[in-house]
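Comments concern the structure below.
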Amino acid sequence: MSLPPLFRRPSTTLIGSRRSTLDVARGRLVFVGIVFALAYILVAARVMDLTLIQGELPRLARMTSPDQGVTNEPVIAVAKLRGDVVDRNGVLLARSLKTASLYADPALITDPDQVAKDLVRVLPDLKYGDVLQKLQRKTRFIWLRRNLAPQDQYAILNLGHPGLNFQDEAHRIYPQGPLTAHMVGFTDIDGHGLGGVERSFDDLLAMGNRPLQLTLDVRLQHIARRELKAAIREFSGIGGAAVIMDVNTGEILAAVSAPDFDPHNVTQKNSDSLFNRLTLGVYEMGSTFKIFSTAALLEIKNVGMGQTFDAREPIKIGRFSITDYHGQNRVLTIPEVMMYSSNIGAAKMAEMIGTQSFKNFLKDVGLMDTVQVELQERSRPLIPNPWREITTLTASYGHGIAVTPLQTVSAVASVINGGMLVHPTLVMDGTVNDSGKTKNTKRNAVRVVSEKTSHRMRQILRLVVSDGTAKSADIAGFQVGGKTGTAEKPGGHGGYDRKRLLSSFIGVFPMNKPQYVVMVMVDEPKGTKASYGYATAGWVAAPAVGKIITAMVPVLGLVPQDIDPEKDMAAQMRPYVKDKTGKQLVSVGVE
Amino acid sequence: MSGHMFSRTDKTIWGRWWWTIDRPLLAALLAMMGFGIILVAAASPPVATRIGLDQYHFIIRHLIIMVPALILMIGISLLDLKNLWRLATILLGVGIVMMVVVLATGMEIKGAQRWLQLPGLSLQPSEFVKPAFAVVAAWLISKQKDNPVFPGYLIAGGVFFLVITLLLMQPDVGMTIVTFCILCTEIFLAGLSIWIVVAAGVVGAVCFVLGYFILPHMRSRIDRFLDPASGDTFQVDRALDAFRHGGLFGTGPGQGTVKLSIPDAHSDFIFAVAGEELGFVFLAILLAVLAFIILRGFNRVMDSDNVFVILATGGLLVMFGIQALVHIGSNLHMIPTKGMTLPFISYGGSSLLAISVTMGMVLALTRRQPKTSVSRGSLSSRPVMAGKL
């Protein structure tokens with residue numbers, strides 16, 4: 001609109017001051033009017049910018065571009081699909097699929113009764129009453145069913161009811177089901193990782209750029225899970241864990257915790273199955289700890305194999321008394337302490353090492369700190385504080401200190417592989433660099449025992465399998481070595497419960513050049529007729545490890561090697577060992 | 001109403017009203033009220049259902065309030081100048097008393113104490129104080145112009161400080177700014193030295209900066225405007241989506257989807273709903289009508305010989321215009337979010353009644369006045385409608 005002239009009616013009849021006041025007022029009114037006109041023009045320009053330039057133009061561009069055609073505009077953004085998780089061979093462990101989720105706008109539904117009836121017919125798992133009640137709510141949005149299959153969506157669209165709408169969502173699928181449940185983990189319905197690598201790599205997976213490759217091998221995973229479950233079933237255990245790890249790199253090839261769960265269907269009901277016994281559970285591991293007391297002794301005191309320990313009398317400290325399970329009641333050499341799993345011998349070894357040195361050794365092999373693995377379900381070891389002299393003695397055979405099974409396995413690997421510290425790892429190198437979490441590529445750079453000590457430990461552990469408590473794990477041609485551990489679980493009264501055991505076996509093969517460490521642990525096994533009532537590790541865990549090794553050998557393409565008994569790793573240890581009757585195993589003295 | 005209802009010689013109160021009222025301005029105001037009904041009908045049902053009311057709750061109340069609003073606007077437009085400032089003085093006095101009562105007893109809504117609870121209606125006294133203050137201040141200033149001995153500026157300044165003190169105690173920064181703008185406009189129009197006006201502007205700016213540092217909610221609003229990442233800008237983001245979704249012609253009344261997620265769609269963000277449902281074309285018309293009302297009013301008083309009329313009309317229309325600009329600017333994210341209703345369009349009983357009082361006053365001021373004193377002589381030589389464009 002045009003503005004009027006400033007001085008419409010010049011008049012000389014007015015008193016001067018009044019006249020000029022009016023003139024000034026009119027002039028300034030015009031000024032205010034111009035300011036307002038400009039402000040409204042500015043606002044109109046902004047309206048044009050938003051509605052036309054930002055609103056209409058992109059729509060026109062979309063309509064004219066041939067590939068898109070006319071599309072409904074995404075008022076609510078579709079969630080970006082979460083990244084895949086794959087095993088070391090690229091087998092899919094987790095993937096997100098785009099699905100349609102059904103929601104209702106009750107305000108647009110004219111006949112809720114009919115709509116509810118039709119919906120229940122198409123989706124029989126919905127309840128008529130529930131649906132009807134939801135459709136009658138005074139709201140503009142209510143979920144009816146998340147993550148529909150395409151044919152269900154098609155059927156609902158065919159019903160043709162207004163007010164039933166779909167929103168694209170992502171649904172997480174785990175093709176291997178419960179096989180890798182504890183390691184891969186699971187997500188909530190909105191795609192937030194709640195367990196396993198889904199949780200620890202939540203941000204990376206949410207970016208969805210490229211797959212996260214784990215070190216797991218589903219073939220070995222399957223073998224480990226099958227044999228673990230068989231052992232638990234046979235001995236009526238309440239649970240267990242199994243691991244296959246590369247001795248030199250710490251890569252976890254298989255990791256199972258039992259009982260496990262279906263990651264598609266996680267509820268409060270199966271919260272016990274969600275518990276990861278391998279990394280979150282801490283246990284007094286028992287005799288497998290003798291590996292560390294022996295290695296510490298050899299490393300620190302530099303004693304010969306012939307060093308003896310008097311195991312004739314139980315050690316009594318206060319109200320405690322340390323006794324042997326497979327009691328020999330004689331003086332034992334170092335290999336004999338391991339072979340017969342003498343608690344008295346191990347305690348005397350620890351006494352000889354000294355408390356501080358022994359503690360330092362356990363810390364060096366990673367048994368005093370939280371296990372380092374790419375999961376958030378990790379526990380700190382339970383270490384007595386203060387650490388008394390008696391703790392040194394009990395820790396030498398794996399009591400009085402509780403650690404996670406996984407860190408025990410990696411500590412054994414560090415001692416056996418030539419003496420270089422390894423950390424367990426679940427993720428292949430080079431897959432996590434995008435997130436800024438770079439892996440420690442120099443993980444082999446720390447030496448925990450000398451090559452010589454490591455070699456002797458390999459000989460001793462081979463002897464345990466070839467002649468000692470774990471003969472059922474001896475697979476011909478692979479020089480399996482290892483150590484059994486049968487721990488009594490803490491009872492209710494501050495002592496130990498003889499009936500509730502934790503039986504485990506850590507096996508390493510081949511002993512001349514270690515490659516793999518295999519562990520099976522069964523929680524609270526009960527003896528059977530076949531085992532003559534025994535539920536010890538030699539009966540429970542060692543055969544399971546034997547079966548795992550037997551099955552994994554062809555998968556990995558390993559070739560058995562016929563070995564001259566004289567060249568077996570155990571051969572050099574035999575001169576130091578007498579059998580149960582006290583007879584020398586071999587008459588030939590080597591040294 | 002058609003022309004032949006009243007003859008030009010009709011000397012009844014209605015006849016005089018019909019021939020002296022600014023009919024295009026009246027038509028524009030009635031059109032605004034009509035737009036308001038359509039938009040409240042479109043925007044309020046989702047809001048009503050969200051807070052658990054019947055979906056027609058706001059529409060029915062808006063229509064009910066429309067009746068007293070129309071009666072007030074037409075009724076006040078019937079008043080002559082003397083009765084107008086009498087009414088304004090009473091309204092200002094009562095309003096100030098009510099504001100004190102509100103501070104003492106009123107209920108707190110969204111962090112501010114502004115509302116007076118009456119049966120069936122909550123009133124915001126400060127809404128009515130603004131137009132009353134505009135008229136009273138204009139009268140005081142014009143009185144001093146006529147008679148320099150009369151301390152008009154001083155009294156107007158005193159009333160101003162009383163009003164803004166009460167406003168800041170609520171606290172209501174938006175209304176304080178509007179009241180400040182009214183006073184500035186009037187002293188500007190009254191011909192005060194340009195330097196005093198500039199000084200007033202500087203004082204206003206200083207107060208604004210002080211307010212930023214003293215009032216935490218004001219600070220957070222401004223921070224969020226300058227740096228959207230610093231806080232929650234959900235409502236204004238949705239508003240911008242609504243404009244984009246609307247495009248040229250909009251989705252059609254009631255068909256909007258983005259409005260569903262705007263919490264204050266029926267009041268502080270109704271312009272965005274208009275953008276989504278009726279599109280650019282309608283918004284352009286709406287802006288044109290708003291601008292027309294202001295400029296038409298200014299033009300109408302251009303040839304008035306009464307300083308009071310010019311000042312009061314200027315003050316009232318500036319208030320109307322700024323309120324609309326703040327609402328629209330907030331919706332378009334051109335200024336920090338300030339919850340202000342869009343005159344005549346937004347739901348809000350109190351604000352609708354107050355804006356009707358305001359525009360009733362403007363209609364009364366812009367009626368063809370019999371010329372006073374010496375200038376009356378020229379009246380006979382001019383047809384009544386000569387001032388029209």
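To the nearest Å, what is the center-to-center distance of region B:169-203 and region A:454-481, using C-alpha atoms only?
95 Å
Please report how many Lys pairs in region B:22-384 have alpha carbons closer than 27 angstrom, counting only residues at least 8 apart along the chain or sitting on separate chains.
13
A:Ala94's amide H: which non-local residues (gap 5+, or another chain) put their own amide H closer than 5 Å, with H modeled 1.01 Å from N in plane and none for Pro or chain starts?
Long-range HN contacts for A:Ala94: A:Val85.
Please turn the phi angles of region A:377-393 into ³J(HN,Hα) values with the Karplus equation 6.51 cos²θ - 1.76 cosθ + 1.60 (θ = phi - 60°), one per residue in order, whole Hz, x for glycine and proline.
For region A:377-393, the Karplus curve yields 7, 10, 10, 7, x, 9, 10, x, 9, x, 7, 8, 4, 4, 4, 4, 5 Hz.
How shielded is B:295-304 by partner chains, expressed as the average number of their Cβ atoms within 10 Å of its Cβ atoms?
Numbers: counts 10, 1, 2, 10, 8, 1, 3, 12, 6, 3.
The mean count of partner-chain Cβ atoms within 10 Å per residue comes to 6.
Against the longest principal axis of chain B, how steep is helix B:23-50, in degrees 0 to 90 to the nearest 10, with axes from Cα atoms?
So the inclination is approximately 20 degrees.
Mind checking the mean number of beta-carbon atoms from other chains within 10 Å of the Cβ atoms in B:309-316?
Whole-number average of other-chain Cβ neighbours for B:309-316 is 2.
Indicate the gyration tensor shape class of region A:533-580 (rounded, prolate or oblate), computed on the Cα atoms with a ≥ b ≥ c the square roots of the eigenvalues: a/c under 1.5 is rounded; otherwise a/b larger than b/c is prolate and the rest oblate.
It comes out oblate by the Cα gyration axes.
Taking the Cα centre of the protein assembly as shown as origin, sum charge times position over the Cβ atoms of Lys and Arg (+1) and Asp and Glu (-1), and report the length of that vector in debye to the nearest 20. Before the final figure, lay out the partial values.
Working: 97 positive and 76 negative charges, 479 e Å.
It works out to roughly 2300 debye.
Measure nothing fancy, just the Cα-based angle from helix A:150-159's long axis to the longest principal axis of chain A, in degrees from 0 to 90, nearest 10.
The helix A:150-159 is inclined about 30 degrees to chain A.
For region B:271-294, list whatever residues lose no less than 30 Å² of accessible surface once every protein chain is in place, relative to that chain by itself, with the probe at 1.4 Å.
In region B:271-294, residues shielded by partner chains: B:Phe280, B:Leu287, B:Ile294.
Summing both sides, how much accessible area is buried between A and B? Use a 1.4 Å probe and give Å² to the nearest 100. Don't skip to the end; give the middle numbers.
Working: alone 29010 and 17740 Å², together 42350 Å².
Chains A and B together bury approximately 4400 Å².
To the nearest 20 debye, what is the magnitude of the charge dipole of chain B about its Cα centre, counting +1 on the Cβ of each Lys and Arg and -1 on the Cβ of each Asp and Glu?
Values: 28 positive and 20 negative charges, 248 e Å.
Dipole magnitude for chain B comes out near 1200 debye.
Among A:235-247, B:85-97, how do they line up from the highest to the lowest mean number of other beta-carbon atoms within 10 Å? Intermediate results must be reported in sequence, preceding the final value.
Numbers: A:235-247: 23.5, B:85-97: 18.1.
Output ranking for A:235-247, B:85-97: A:235-247, B:85-97.
Only residues of region A:144-186 count here: report those whose backbone N is under 14 Å from the spot 7 Å along Cα→Cβ of A:Arg137, or say none.
Only A:144-146 fall inside the zone, counting backbone N under 14 Å.
Which of the pairs A:Lys348/A:Lys489; A:Lys229/A:Lys316; A:Lys229/A:Lys348; A:Lys499/A:Lys567; A:Lys316/A:Lys452 have their Cα atoms more than 31 Å apart in this structure? Present the calculation step by step, with values, prior to reporting the outcome.
Values: A:Lys348/A:Lys489 23 Å; A:Lys229/A:Lys316 39 Å; A:Lys229/A:Lys348 37 Å; A:Lys499/A:Lys567 41 Å; A:Lys316/A:Lys452 34 Å.
From A:Lys348/A:Lys489; A:Lys229/A:Lys316; A:Lys229/A:Lys348; A:Lys499/A:Lys567; A:Lys316/A:Lys452, over 31 Å: A:Lys229/A:Lys316; A:Lys229/A:Lys348; A:Lys499/A:Lys567; A:Lys316/A:Lys452.
May I ask you to list the aspartates and glutamates whose Cα is less than 17 Å away from that of A:Lys301, ignoring any residue fewer than eight positions away on the same chain?
Hits, sequence-local ones excluded: A:Glu351, A:Asp364, A:Glu451.
Work out the mean other chain Cβ neighbour count within 10 Å for the residues of A:33-45 and drop it here as an integer. All intermediate terms of the calculation are to be shown ahead of the outcome.
Working: counts 10, 2, 2, 12, 4, 0, 9, 11, 2, 4, 12, 8, 0.
The shielding value for this peptide is 6.
If I compute solvent accessible area with a 1.4 Å probe over the protein chains, what percent of it on region B:214-319 is carbon and sulfur? Could the numbers behind the result be given before it?
On the way: 2090 of 3340 Å².
Summing carbon and sulfur atoms, their accessible area is 63 percent of the total for region B:214-319.
Between region B:262-306 and region A:250-298, what is the separation of their alpha carbon centroids in Å?
Rounded to whole Å, the Cα centres lie 70 Å apart.
Give the aspartates and glutamates whose C-alpha is closer than 14 Å to that of A:Lys483, dropping any in the same chain fewer than 8 places away, or say none.
Answer for A:Lys483, where 14 Å is the Cα cut-off: A:Glu336, A:Asp467, A:Asp474, listed by chain and number.
How would you classify region B:180-247 from its alpha-carbon gyration tensor, with a ≥ b ≥ c the square roots of the eigenvalues: rounded for a/c under 1.5, else prolate if a/b is greater than b/c, otherwise oblate? Display every interim value, and only then the final one.
On the way: a/c = 4.21, a/b = 1.82, b/c = 2.31.
It comes out oblate by the Cα gyration axes.
Please give the peptides A:199-211, B:37-49, A:122-134, A:170-182 ranked by average Cβ packing (other Cβ atoms within 10 Å per residue), highest first, as a rough proxy for protection. Can you show the working numbers first?
Details: A:199-211: 17.6, B:37-49: 22.8, A:122-134: 14.0, A:170-182: 20.3.
Output ranking for A:199-211, B:37-49, A:122-134, A:170-182: B:37-49, A:170-182, A:199-211, A:122-134.
How do B:326-333, A:303-310 rank on mean C-beta neighbours within 10 Å, highest first? Present the calculation step by step, with values, prior to reporting the outcome.
On the way: B:326-333: 23.8, A:303-310: 14.8.
Taking the mean over residues of other Cβ atoms within 10 Å, the ranking is B:326-333, A:303-310.
What residues have an amide H closer than 5 Å to that of A:Gly239, excluding those fewer than 5 places away on the same chain, when H is modeled at 1.01 Å from N in the peptide plane?
Correct list: A:Asp523.
Please work out the average accessible area per residue across the protein assembly as shown, using the 1.4 Å probe convention, and give it in Å². Mind showing how you got there, number by number?
Working: 42350 Å² over 980 residues.
Here the per-residue accessible area is 43 Å².
Against the longest principal axis of chain A, how steep is helix A:451-467, in degrees 0 to 90 to the nearest 10, with axes from Cα atoms?
70 degrees
Quote the FRET efficiency, to the nearest 0.05, computed for A:Thr581 versus A:Lys269 with a Förster distance R0 of 56 Å and r equal to the Cβ-Cβ distance.
Details: r = 55 Å, r/R0 = 0.98.
Given R0 = 56 Å and the Cβ-Cβ separation, E is 0.55.
Hey, if you put +1 on the Cβ of every Lys and Arg and -1 on every Asp and Glu Cβ in the protein assembly as shown, which of B:Met218, B:Asn306, A:Gln213 ends up farthest toward the positive end of that dipole?
B:Asn306
Using protein chains only (no ligands, no nucleic acids) and a 1.4 Å probe, work out which residues of region B:8-47 have their accessible area cut by at least 10 Å² relative to the chain alone.
B:Pro46
Which residue, B:Val40, A:Gln268, A:Ala402, has the largest displacement toward the positive end of the dipole of the protein assembly as shown when charges sit on each Cβ (Lys, Arg +1; Asp, Glu -1)?
B:Val40
Can you list the aspartates and glutamates whose alpha carbon is less than 17 Å from that of A:Lys269, not counting same-chain residues fewer than 8 positions off?
A:Asp188, A:Asp260
With θ taken as phi - 60° and the coefficients 6.51, -1.76 and 1.60, list the Karplus ³J(HN,Hα) couplings across region B:317-322 in order, rounded to whole Hz; mark glycine and proline as x.
Each residue of region B:317-322 in turn: 6, 5, 4, 4, x, 5 Hz.
What relative contact order, as a whole-number percentage, does region A:85-214 give when Cα pairs under 8 Å and 6 or more residues apart are counted? Mind showing how you got there, number by number?
On the way: 205 pairs, mean separation 44.4, N = 130.
After rounding, I find 34 percent.
With heavy atoms of protein chains only and a 1.4 Å probe, what residues of region A:124-159 have at least 10 Å² less accessible area in the full set of chains than alone?
Buried on complex formation: A:Lys138, A:Arg140.
What FRET efficiency do you get for A:Leu558 and A:Asp168 if R0 is 60 Å and r is their Cβ-Cβ distance, rounded to the nearest 0.05? Provide the component values of the computation, followed by the final result.
Values: r = 48 Å, r/R0 = 0.79.
The value I calculate is 0.80.
Of the options B:Gly157, B:Leu81, B:Val67, report the single residue whose Cα projects farthest towards the positive end of the charge dipole of chain B (beta-carbon charges: Lys, Arg +1; Asp, Glu -1).
The listed residue farthest towards the positive side: B:Leu81.
Quick query: amide H of A:Thr187 versus all other amide H atoms, modeled in the peptide plane; which residues come in under 5 Å with a sequence gap of 5 or more or a different chain?
Counting only residues 5 or more places away or on other chains, the set is A:Leu194.
Treat each spin label as a single point 7 Å out from the Cα along the C-beta direction, and report the B:Gln55 to B:Ser193 distance in nm.
6.4 nm
In whole percent, what relative contact order does chain B give with Cα contacts below 8 Å and a gap of six or more residues?
Value for chain B: 25 percent.
If you place +1 on the Cβ of every Lys and Arg and -1 on the Cβ of every Asp and Glu, how big does the dipole about the Cα centre of region A:243-383 come out, in debye to the nearest 20? Please report the intermediate quantities before stating the final value.
Values: 13 positive and 16 negative charges, 127 e Å.
Here region A:243-383 has a charge dipole of around 620 debye.
The values are calculated or read from the model by the stated rules, or taken from the named source; none is laboratory data. What you see is a predicted model; the values in this text were computed from it and never measured. Note: ideal-geometry Cβ built from the backbone for every residue, glycine included; neighbour counts use all protein chains shown. Accessible surface areas use protein heavy atoms only, side chains included; no ligands, DNA or RNA. Shrake-Rupley method; radii C 1.70, N 1.55, O 1.52, S 1.80 Å.
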